[in-house]
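**Student:** A single structure is presented below for examination.
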Amino acid sequence: MIGFSKANPREYDWESNDCVVRASSLATGKPYAEMHAAYKAAGRKDRKGTPVCLIDKVLDYKLGVRAQSRRSAKTLARFLATYNTGRWVMCNARHAWAVIDGVVHDAGPVGARTRVLNAWRVD
């Protein structure tokens, strides 16, 4: 069973398609505004999605968070069976979310059978 916490730390009402910013904010514990500014400085456009290549760039180089990247093709349930502790930013082909100690923190459509394509451990 996967724990689920409905989380949405968005501070800007006009912003959309910012799931990477929200997930990074939750996983790192940094304020949404700081994460939004970091991604924008790295090249993210307002109200547009975030390219996956920017996640490494922002987490590792801009914020100094040692992010361990893992490439995966497992379902979320199988991934969390192996990596059930720590703070993670995860994404599939169209969405990103945070996982903190095995609990999914997201306001979007993430379930046990969601495919995890990339995951970054940030603690």
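The values are calculated or read from the model by the stated rules, or taken from the named source; none is laboratory data. These numbers were taken from a predicted model, which means no experiment stands behind them. When the accessible area is computed, the model is the full protein with side chains, heavy atoms only, and any ligands, DNA or RNA have been set aside. Shrake-Rupley method; radii C 1.70, N 1.55, O 1.52, S 1.80 Å.
**Student:** Residues of the stretch 75-96 being open to solvent by 40 Å² or more (accessible area, probe 1.4 Å) and of a type in the set (F, W, Y), which ones?
**Tutor:** Y83 - this is the single residue of the stretch 75-96 that is open to solvent by 40 Å² or more (accessible area, probe 1.4 Å) and of a type in the set (F, W, Y).
**Student:** Out of the helices (runs of 4 or more DSSP H) lying entirely within the stretch 10-98, which hold 2 or more residues that are of a type outside the set (D, E, K, R) and modelled with pLDDT of 90 or more?
**Tutor:** Numbers: elements: 19-28, 32-42, 53-56, 76-82.
Per the criteria, 19-28, 32-42, 76-82.
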